[in-house]
1. Grab the eigenvalues of the alpha-carbon gyration tensor for region 258-391, scale each by 5, take roots, and send me the semi-axes largest first in whole angstrom.
2. Going 7 Å from the Cα of GLN263 toward and past its Cβ, which residues in region 279-307 have a backbone nitrogen under 17 Å from where you end up?
3. Tell me, what is the FRET efficiency for TYR57 and VAL378 to the nearest 0.05, using R0 = 45 angstrom and their Cβ-Cβ distance as r?
4. If you count the DSSP beta bridges with both ends in region 151-310, what percent of them are antiparallel, to the nearest 5?
5. Could you work out the relative contact order of region 258-391, using alpha carbon pairs under 8 angstrom and six or more residues apart, expressed as a whole percent?
6. Can you send over the carbon and sulfur percentage of the accessible area for region 2-254, probe radius 1.4 Å, protein chains only?
7. Just need the relative contact order of the chain here, percent rounded to a whole number, with Cα pairs under 8 Å and 6+ apart.
8. Per residue, how large is the accessible surface of region 258-391? Use a 1.4 angstrom probe and give square angstrom.
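The values are calculated or read from the model by the stated rules, or taken from the named source; none is laboratory data. Since we're looking at a predicted model, the values are computed, not measured. Cβ sites come from the backbone with ideal geometry, for glycine too, and all protein chains shown count toward neighbours. Ligands, DNA and RNA are stripped out before the accessible areas are found, and what is left, the full protein with its side chains, is counted by its heavy atoms. Shrake-Rupley method; radii C 1.70, N 1.55, O 1.52, S 1.80 Å.
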Amino acid sequence: MIFGRKKDIDICTQTINSDTKNYCPFSPDIVMTTSFKFDSYEDFCKASVDEKNHYVYTRGSNPTTVKLENILAQLDHGEKCKVFASGMGAISATLFSLLKQGDHLLMINTIYGEAASFAQYLHNFGIESDRIDVANTDEIFQHVKENTKIIYFESPSSEKFEMLDLQKIANFAKKHNILTVIDATWASPLFTKPIDFGIDLVIHSLSKYVGGHSDVLGGSVVGSNKLVNQIFEYGHQFLDSTNSPFNSWLAIRGLRTLPLRMQHANQAIKVVLDALKDDDRIKRIYHPYCSENEQKELAQKYLKGYGSLFAFDLNTDDLEKVKIFINSLKTISIGVSWGGYESLALAVYKGNNLSALKKRKLEPTHIRIFVGLEDPNVILDDIKHALDTAFK
Ligand SMILES: *Cc1c(COP(=O)(O)O)cnc(C)c1O
């Protein structure tokens, strides 16, 4: 027996008819089940041949996850969404599903590390790829080959936060029968709508802004029914990176405050960057808000607001200052990932990786900072204090 407010409820004899649910929660049900029950032979036969549209087994579809998928498809302005256990799950399933032996994958500017490594790994299966650095969008097109099947990019890119012209890429790709895939995690589904400009597929790591609390991994891909069904059938079902219904629920919970958190991000990053942009201890800031000319125009065209992940190079050759700066931070924590409550900092220099950084065209004094939900003035004071200590 458990004790309710008015009367005791015997949980063993209480029956709830699931067909006529007599309650309506604000927060959705978490449907923790591996498999689903059928009323008849006929019902099962019908469902099992079309797992994309029926609940048969949670490795295919689950009601809590489908609820999340429906919201994300709407936010990204696409027909359909498939959710995965992580951003990398979404990326690898997408590339695995759409590429075959002999195809060429073109990656532009800095790509999330594991995604770039996955493209390298695909060489083992006869899928070619190039990752190119371009200063402007037009340069991309001379790198396209006869067998280019996918153009894959981030905008803003990882590490340097460079923007690309989505519409130009989409128009070119459509003419040449090439698919376009963007990882739009930086801006969240609220601040960029690549599908409106003709991009075929939009990927997000839900582990960042969407989850928003540093407690859930997830990934999504949104696009046409045809493409997302193909990714469902192959990448999702074969590689399998199924999101747990509980994690889908956490992501839905995150979405309920996403507009408020993104509004904060947009305001907080401006407070921080306005104060840092003329600081002579900083050589260069990487963020669309601080960009100029064509980059600024692209930011205005393609971003509805600014994300709060940025980077800068310290104005020094003394790499000891990188260490002192990071160790002097008090509010900002040291750690990977971003998009949760807490502000985070990371230096790319690890003491022994100078040649790798040179290859990545990164200054060894490059530092990435995520501005979280704390008062931005506290974050700013923390950064300034760490600069004071490093440059004393
Ligand atoms: C974090 C991240 C990913 C990977 O997402 P996971 O959920 O950590 O697998 C991919 N792309 C970008 C831009 C990211 O920031």
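1. Values: eigenvalues 110, 66, 39 Å².
Equivalent ellipsoid semi-axes, largest first: 23, 18, 14 Å.
2. Flagged as within label range: 304-307.
3. Numbers: r = 48 Å, r/R0 = 1.07.
That pair, TYR57 with VAL378, gives E of 0.40.
4. Details: 4 of 11 bridges.
Taking every DSSP beta bridge with both residues in region 151-310, the antiparallel ones total about 35 percent.
5. Details: 206 pairs, mean separation 40.2, N = 134.
Result for region 258-391 is 30 percent.
6. On the way: 6400 of 12300 Å².
Within region 2-254, the accessible surface is 52 percent carbon and sulfur.
7. Details: 720 pairs, mean separation 62.2, N = 392.
Relative contact order for the chain comes out at 16 percent.
8. Numbers: 6470 Å² over 134 residues.
It amounts to 48 Å² per residue over region 258-391.
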